[in-house]
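So the structure is just underneath, and the comments pick up after that.
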Amino acid sequence: MSITISSPRLNARSVASTIGIGGETASINLPIWGAKSVTAGTLGVTLTVDEGTVGNEYAPHRCSFDLAVTGFDGESDQTEYWRADTHRVWYLHNFGDFGARFTVADRIEGEHKDRNVAVGQQAVHVYRAAGSYFYYVFCYDRAGNWGSASQVITVKEDDYTADETVIIAHDGDFSGAPYATPRNRLTSLTEFDDWSPVAGVTRLKVWMKRGGIYPESANGMMTKPETITMVGYGPGEKPQINIATRIFHNMPVLKVQGIKFYGGWNANTEMPDDPSVSPIGFNPGIYFSGLTFEALFDDCEDDGTAAAFYPSTDDGYMCLHEQKRTNHKDFMFFGAIRNGTAAIVGCSEVQVPDALNGGQDRGALKDDGPRVYLRNAHQGIRAADVFNIIITNCDFFSRQGWTLQNIFLDNPVFRLNTGVESYTPGRRISVNRCHIEGSIADTNLAYKQYPANCMMEQCRFVFDPTAQVGMQLEHMGWTVRDNILILADTPATPYKGPSPYVFKVGSDDLPADVASEWDTRTEIYSNTIVDLRSQANAPSTLDLVVPARTGVQAPSGNNLFYRPNIDTPQIADGPLDLTGLGFEARYAGVRLGFHDWSDHYTLAADLLDGSDIVVPYGVGWDGQTTEQADFAGAWTRNGVRFKFSPADENDVLYDQMRGGADFAFEAGGIRITNTSGLTWPSGAVLRVIVDRGSTAMAMDTTWAIPAGTMRRYGITASSGAYQNASGPLVSLSDFHGRWRPGTAHPDAAAGTPSVGATELVT
């Protein structure tokens, strides 16, 4: 006799069943085929699983895993502030969701596309189907000790009633939709804005028909129940919500899956797609302020928006999972969750390759609204104050930033904890398994540099040609290991100049209430640094680390340096595997829509209201001379800023949009008419900022990253780095996630570990 016991999913650990035969019953617990046998090791492992509150137990289900470890080698260094188990322990998570893959982050390494596994002390997974999943994690230290933990994760089947189900179909055709009461069948978000659920309904599942375009609701869905899940249904493209300001505002529990948000911005022109529409400002589409919230955005798209996600709260959890963003004007994530978590997992924020490089000067060329600057501005992630930051398995490309401040510098991909005003023990930042074309800066701007426990591992970096520093790590407490860092052969921009170092570590503004022990809490090891610059484009020496001030120490070891193109090549660690990655770097050069000529004209006499002057066309920072034809498509985003004495640090703006000045582009120069109602005094120094509009400059490829830059840069059997690592600073894993031979890891092969980020592929 054979008995077949079925389970909805075959990836949990066991099935508990009761069998009855002839009136007799027996209970059995059968292991599921393929289940992992997880035994306890010698390390003490405490697993904390956060599955959110009520409303999050249905798919898509965000589940977060956090570990604390005791008994490991190096534990004696642990303090209240510096978590040695963050830095001295290696973690490998398995979510029990076999076959799940990352598909949005195109350029992450092949091994990093496995969505079922993760590294790092903190991990996040989104389960997209109901069922039981057996999660387990292994933890390892340098001495060969290990430990484990496990838990069954259960994702419930939907049980929304007809009163709790809302259908929004743009065409009024509800065939193929889930069942909902007739009053819950709507055709627009505006209609939804005016609709109210029946009494007693505290949660909703909103189904939006694919293939439709939906204008935003007027009130940002602020009056709905506290728990909302929004998903797409039917065939066709994702349902598209057109937004100019906010679509979601202060919703305590929010899950959105399979929706596209479109904001109307065009990064190629720095104008709205429809010039008759008022340009979008800083206002984010998704905003949380002053409340504890939980938000999950899964498999969504974001096109043509300003700042996409903006929390400003003391506590909450925001997870962006496989979010695809492009054609953006401003940040992907901006804000603070002072005691909470921001998780950016499997996402893509890749600006369009031909986007204008933009500018950031908020005081210039803005309309009357606050913080509305009409150009490509910031990008990436600026976490002002977030207790836990997790950025993993993502693809980033940046090319816009601060070009209206007498400099040319693209905005960093990350600025992490830039507004922390006091120190809270236990802060953590984890960045791993990402592909990053840009730069990193965790600068704290106007605030002091409070340290944190920061990990960066298994990432590939292609440094932005405009960056002064590849990685500016002002927070102490970084561990940087198993990364590949590439400096392309591009000339220095006039502002940047060749950088003589890769990392700038520490801050010259360490708060007095932070112990000096933090000066030693940054370690950089087992990385590969490939500098492809020619002698003409490179500094004579390249140091790994420059300390920001006396006292800062950043121990390093077993980093591979490869500089093949300077006059005296530094290639002792080579030869390297130069197999192409199948794609080229995205940075195609410099392209500007604004020209900013600093202090290039001085008034020879008072200029009365209503009078005009002709200012010659200036020469840009790149040496380009402009002429009348360059401004044939000019819009009204033009202005002048005045200094009233050479020593005056403050200036005054008069711009065309607000009626302070008029501009006409003539053959002999730019005619500027004073319409401010005031007299512009003799001797005032003019900074002229003018907009080329639809006649933006062509791409200047001088600073393009050359073809052929994107290669594997792994070691070979003949590399000097092969099996040549020594000393205590050796990672247990490599860039691909393989365990290094010769280490104490229980699964490590015999041999000796290698210098650099990779081990030999066999």
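Every number in this text was worked out from the coordinates using simple rules, so none of it is lab data. This structure is a prediction, so every number in the text was calculated from the model and none was measured. FYI the Cβ positions are ideal-geometry reconstructions off the backbone, even for glycines, and counts take in every protein chain you see.
Report relative contact order for the range 594-695 in percent, whole number only (criteria: Cα-Cα under 8 Å, sequence separation at least 6). Write down the numbers at each step before the final one.
Values: 232 pairs, mean separation 47.7, N = 102.
That works out to 47 percent.
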Could you size up the charge dipole of the range 44-154 around its Cα centre, putting +1 on the beta carbon of Lys and Arg and -1 on that of Asp and Glu, and report it in debye to the nearest 20? 380 debye
Tabulate in residue order the Karplus-calculated ³J(HN,Hα) for the range 323-332, using 6.51 cos²θ - 1.76 cosθ + 1.60 with θ = phi - 60°, rounded to whole Hz; enter x for Gly and Pro. 7, 10, 10, 7, 6, 9, 9, 8, 4, 6
Residue order, fewest to most surrounding Cβ atoms within 10 angstrom, among THR86, THR541, THR103: THR541, THR103, THR86
Report the relative contact order of the chain, percent, no decimals, based on alpha-carbon pairs under 8 angstrom and at least 6 residues apart. 9 percent
Which residue, GLY44, HIS87, ILE153, has the largest displacement toward the positive end of the dipole of the range 44-154 when charges sit on each Cβ (Lys, Arg +1; Asp, Glu -1)? ILE153
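Based on DSSP H runs of at least 4 residues, each adding -39500 (n - 2.57), what is the mean residue ellipticity at 222 nm of the chain after dividing by all its residues, to the nearest 500 deg cm²/dmol?
Rounded to the nearest 500, the figure is -500 deg cm²/dmol.
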Please compute the alpha carbon radius of gyration of the chain, then divide it by the globular-protein estimate 2.2 N^0.38 Å. Two decimals is fine. 1.03
Residues SER556, SER534, SER76 in order from fewest to most other beta-carbon atoms within 10 Å are SER76, SER534, SER556
So, relative contact order of the range 44-154 in percent, Cα under 8 Å, 6 or more apart, is 31 percent
Could you work out how far apart the two model spin labels at ALA667 and SER694 are, taking each label as a point 7 Å from the Cα in the direction of the beta carbon, and quote it in nm? 2.4 nm
Amide H proximity to GLY633 below 5 Å, modelled H, separation 5+ or other chain, gives SER694, THR695
When the Cα atoms of the range 594-695 are enclosed in a convex hull and the volume is divided per residue, what value in Å³ results? 93 Å³
If the only charges are +1 at each Lys and Arg Cβ and -1 at each Asp and Glu Cβ, what is the size of the charge dipole of the range 594-695 around the Cα centre, to the nearest 20 debye? 120 debye
Most positive-pole-ward Cα, TYR713, PRO741, ILE407, against dipole of the chain from beta carbon charges: PRO741
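Based on Cα coordinates alone, diagonalise the gyration tensor for the range 641-762, multiply each eigenvalue by 5, take square roots, and list the semi-axes in whole Å, largest first.
64, 20, 13
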Binned at 10 Å starting from 0, the alpha-carbon pair-distance distribution of the range 44-154 in whole percents comes out as 14, 41, 31, 14, 1
Counting only residues 5 or more apart in sequence or on a different chain, those whose built amide H sits under 5 Å from that of PHE397 are GLU349, VAL350, GLN351, GLU437
If you plug each phi of the range 96-109 into the Karplus form 6.51 cos²θ - 1.76 cosθ + 1.60 with θ = phi - 60°, what whole-Hz ³J(HN,Hα) values come out, in order, with x for Gly and Pro? x, 10, 5, x, 5, 10, 7, 10, 8, 7, 4, 9, 5, 4
Of the options ASN537, TYR495, LEU729, report the single residue whose Cα projects farthest towards the positive end of the charge dipole of the chain (beta-carbon charges: Lys, Arg +1; Asp, Glu -1). LEU729
If one computes the Cα centroid of the range 678-713 and of the range 552-586, what distance in Å separates the two points? 31 Å
Quick one: what are the phi-derived ³J(HN,Hα) couplings along the range 178-195, Karplus 6.51/-1.76/1.60 with θ = phi - 60°, whole Hz, x for glycine and proline? x, 6, 9, 4, x, 5, 9, 9, 10, 10, 7, 5, 5, 5, 5, 4, 8, 8
State to the nearest 20 debye the size of the charge dipole of the chain about its Cα centre, where the only charges are +1 on K and R beta carbons and -1 on D and E beta carbons. 1160 debye
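Can you put TYR160, TYR317, TYR495 in order, fewest other beta carbons within 10 Å first?
TYR495, TYR160, TYR317
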